[in-house]
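As structure tokens, the structure follows; a few thoughts come after it.
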Amino acid sequence: MEPENITQSDNKPVAIKVRELVAGYDNEIVLNKVTFDVFQGEIFVILGSSGCGKSTLLKHLIGLIDPISGEIEIGGIKITGKDRRNLQKVFRKYGVLFQNSGLLSSMTLAENVALPLQQYTNLTDKYINTLVKMKLSLVNLSGFENHLPSEISGGMRKRAGLARALSLNPSILFFDEPSAGLDPVTSAELDRLIIHLNHTLGTTMVIVTHELPSIFTVAHRVIMLDKRIRGIIADGTPQYLRDHSQNPYVKQFFNREVEPLNL
Amino acid sequence: MTSPKIDLSHYYRSNYEKSGTLTIYLYNRLCLENTASLIKEFTSLIRTHQPTNLVADLKNLDFLDDFGVALFVGLRAQMGERRGTFSFVNINEIAKKVLSMNRFDSFGQQTSFEQRKVPDIFTRLGDTAIEFGKDQASMFTFLGDTFLSFFRFFWNTRMLRINDVMENMHKVGLNALPIVGLISFLLGLIMAFMSSVQLQQFGANIYVASLVSLSMTRELGPIMTAIIVAGRSASAFAAEIGTMKISEEIDALFTMGIDPHIFLVLPRIIATCLVVPLLVLFSDLFAILGGLVVGTTMLDLTINGYITQTINTLSLYDVFFGVFKSIVFALLISWIGCLRGFQAKGGATSVGRATTSAVVSSIFLIVVSDSIFVVILRYWEG
């Protein structure tokens, strides 16, 4: 089955380039020869049902796992295979918001956010503190600078994780299930923040999610993965896929259809 | 990290008027890459000219991010300290948006937040005392819970998972055999060697066998084994259970109506109490073997003579006494390991703390209980 509606480049600069990616664990191949581009300034959503390889794909994109074969380029720099050492060069280009926020539990929120700033800039502590305060206020966490991650709620932890991912104003942001475990209001606020950041800083966003409302609010483009073909079954804007897709699985996903219960 | 040299003339020009106004004209970009260098530059400009008014002209600024905003906040604070003013002219749309997004106007004069306060020594002393009290209380609560779960287990023996017991016996006992054997063998060797230096002077070589066998079976065998088990298994129990606690696995057990004590604590206690006595016997054997090696190679004793002397010295009572002590040690080790795991809360650091505390507390309790045994025995044996 060929993926439908592959988006053409329109000469837009490419932020992430994936070619013939084969990914998996041990003897099991999860993704087979996946190819796609993420363009600069795009809010790009990776969709799919559980177990289709969304998180696996994300782990490959951020360089946590080296693929079995295939190539990944971030900002024109290849990070796979023998070019894996280039990862050091791209770490500053992207930020990642992990599903469980990934905050260091022994450090306060301020220390967590300050960590990349101390690592990668020459700023003095005074300016770093100012920036930390700004980043935390951007995600509505003013006043929580001295709290430890264990002292705040899950939603707040997620926002603090976002503040840390944002600390160096990366050109690409990766989100692993950003709305998981958040209430609808916080989730909507996060969506608004994503759009806002994309608009003001032109940040490219790659989001792994299956929250339909959030997808329709933020996504410029989505790809849908499927475990049956171990690859992409659809590529396009969410509205287009919902209204015009001929693929039964895509239709089923967007219309939230399930097999009827025989009661 | 050292950043490459940036030609700052691309990014600003300055003009100082005699009236006391320093105007900084910003060009192109003010962002992560050049902020640190520009901060240094502007601070030295302010120091040189001592202006009363600082004006930032943003007319030609094409890109501004929050690092730039932080620079303005810093400049405003510096001017505030000098009782001067700071203002913008020609703010363009982009800059306006970024400034409002980062709440520049409401960002107070105080640029940083208060650091987490370190309490004074008396507060800390008090906190430690309260913490100690709570710790003792929770130890007894845990002991009570464990006892209760024992009774519940007798009521319904199906609640205990035998596979877990077997697995823990494997981890605590079988996997510890090589290290217990090696350490006991070396200990027997060292003891025989050290004592022979003294005993040889009196021609009492044969008593090396008595010394090694008696001290190892009654004291050192159980203690050394217990310390090894504490280091290997109390820490493992605390880390396992602590991680389960912080990842809400124990809460999940609780809500399923499964007693976490029966599910997690009992298998570990039972397994440890079953295998530690066997480990002690194993340790006794290897220590005697160590003594035998020294006796036969350096002290001209025969294998037969050494073994006969050992058997004549040891009574079954000595061996059983060591074994009995080791059961008590095993109880303490497994109990404290599980307790520390249950006490973990928060994040990864607390699991580390629980693990350390499990090892330290169990070694402490082993030594304390051993001293109690010595005193009791002193009166028992008259």
**Complete set of residues in region A:36-50 that are modelled with pLDDT under 90, in contact with a strand residue (DSSP E or B) (Cβ under 9 Å, 6 or more places away or on another chain) and surrounded by fewer than 20 Cβ atoms within 10 Å (Cβ to Cβ)** = A:SER49
**Message:** I need a count of the residues in region B:54-66 that are open to solvent by less than 30 Å² (accessible area, probe 1.4 Å), over 17 Å from B:ASP105 (Cβ atoms) and within 13 Å of another protein chain (Cβ to nearest Cβ).
**Reply:** 1
**Message:** Quick check on region B:87-95. Is at least one of its residues surrounded by fewer than 18 Cβ atoms within 10 Å (Cβ to Cβ) and touching a helix residue (DSSP H, G or I) at 6+ places or on another chain (Cβ under 7 Å)?
**Reply:** no
**Asked** List pairs: first in region B:219-247 and of a type in the set (Phe, Trp, Tyr), second open to solvent by 10 Å² or more (accessible area, probe 1.4 Å), Cβ under 7 Å, 6+ apart or cross-chain?
**Response** B:PHE237/B:ARG268
**Request:** Out of the residues in region B:67-89 that are facing chain A (nearest Cβ under 8 Å) and of a type in the set (Val, Ile, Thr), state the one that is nearest to A:LEU117 (Cα to Cα).
**Result:** B:VAL69
**Item:** Criterion (touching a residue at least 40 places away in the same chain (Cβ under 8 Å), assigned to a helix (DSSP H, G or I) and within 14 Å of chain A (Cβ to nearest Cβ)) met by exactly one of B:ALA354, B:ALA330
**Value:** B:ALA354
**Request:** Taking the options A:GLU111, A:GLU189, A:GLU151, name whichever one is at pLDDT 90 or above and open to solvent by 30 Å² or more (accessible area, probe 1.4 Å).
**Result:** A:GLU111
**Message:** Name the residue that is nearest to A:TYR127 (Cα to Cα), counting only residues in region B:18-53 that are in contact with a helix residue (DSSP H, G or I) (Cβ under 7 Å, 6 or more places away or on another chain) and more than 14 Å from chain A (Cβ to nearest Cβ).
**Reply:** B:ILE46
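Conditions (1) within 28 Å of the chain's Cα centre (by Cα); (2) open to solvent by less than 80 Å² (accessible area, probe 1.4 Å); (3) over 19 Å from B:LEU266 (Cβ atoms); (4) hydroxyl-bearing (Ser, Thr, Tyr), marked per residue:
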site: B:LEU143; (1), (2), (3), (4): yes, yes, no, no
site: B:LEU148; (1), (2), (3), (4): no, no, no, no
site: B:PHE151; (1), (2), (3), (4): no, no, no, no
site: B:ASN163; (1), (2), (3), (4): no, no, no, no
site: B:HIS170; (1), (2), (3), (4): yes, no, no, no
site: B:VAL197; (1), (2), (3), (4): no, yes, yes, no
**Prompt:** Among the residues of region B:342-350, is there at least one that is under 14 Å from B:ILE227 (Cα atoms) and in a helix (DSSP H, G or I)?
**Reply:** no
**Item:** Meets criteria (open to solvent by 10 Å² or more (accessible area, probe 1.4 Å), modelled with pLDDT of 90 or more and among the aromatic types (Phe, Trp, Tyr)) for A:PHE175
**Value:** no
**Asked** Based on what the data block shows, is A:ILE74 more than 13 Å from chain B (Cβ to nearest Cβ) and either in contact (Cβ under 8 Å) with a residue 40 or more places away in the chain or polar (S, T, N, Q) (or both)?
**Response** yes
**Item:** Matching entry among A:PHE254, A:PHE175 (being under 26 Å from A:GLY102 (Cβ atoms), in contact (Cβ under 8 Å) with a residue 24 or more places away in the chain, among the aromatic types (Phe, Trp, Tyr) and touching a helix residue (DSSP H, G or I) at 6+ places or on another chain (Cβ under 8 Å))
**Value:** A:PHE175
**Complete:** For region A:19-31, the count of residues that are assigned to a strand (DSSP E or B) and either of a type in the set (D, E, K, R) or touching a Gly at 6+ places or on another chain (Cβ under 6 Å) (or both) equals 7
**Prompt:** Within region A:51-67, which residues are loosely packed, with under 15 Cβ neighbours inside 10 Å and out of contact with any Lys or Arg (no Cβ under 9 Å at 6 or more places or on another chain)?
**Reply:** A:LEU64
**Request:** Report yes if A:GLY236 is in contact (Cβ under 8 Å) with a residue 60 or more places away in the chain, in contact with a Leu (Cβ under 9 Å, 6 or more places away or on another chain) and within 22 Å of A:VAL14 (Cβ to Cβ), otherwise no.
**Result:** no
**Request:** Just need a number here: residues in region B:303-327 that are β-branched (Val, Ile, Thr), open to solvent by less than 30 Å² (accessible area, probe 1.4 Å) and under 18 Å from B:ALA209 (Cα atoms).
**Result:** 1
**Asked** What are the residues in region B:200-212 that are open to solvent by less than 40 Å² (accessible area, probe 1.4 Å) and in a helix (DSSP H, G or I), if any?
**Response** B:VAL208, B:ALA209, B:SER210, B:VAL212
**Request:** Could you list all residues from region B:187-206 that are touching a helix residue (DSSP H, G or I) at 6+ places or on another chain (Cβ under 6 Å), without any contact (Cβ under 8 Å) to a residue 60 or more places away in the chain and of a type outside the set (Gly, Ala, Ser)?
**Result:** B:LEU199
**helices (runs of 4 or more DSSP H) wholly inside region A:106-184 that include at least 1 residues being more than 11 Å from chain B (Cβ to nearest Cβ) and more than 23 Å from A:ILE62 (Cα to Cα)** = A:154-166
**Asked** Which of the residues spanning region B:268-302 are over 44 Å from the mean Cα position of the chain (by Cα) and open to solvent by less than 10 Å² (accessible area, probe 1.4 Å)?
**Response** B:LEU299
**Asked** Are there any helices (runs of 4 or more DSSP H) wholly within region B:90-182 with 3 or more residues that are within 14 Å of chain A (Cβ to nearest Cβ), and if so which?
**Response** B:93-101
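The values are calculated or read from the model by the stated rules, or taken from the named source; none is laboratory data. Since this is a predicted model, take the numbers as computed values, not measurements. Every residue, glycine as well, gets a Cβ built from its backbone with ideal geometry; the counts of neighbours run over all protein chains shown. The area values use the complete protein model at the heavy-atom level, side chains included, leaving out ligands, DNA and RNA. Shrake-Rupley method; radii C 1.70, N 1.55, O 1.52, S 1.80 Å.
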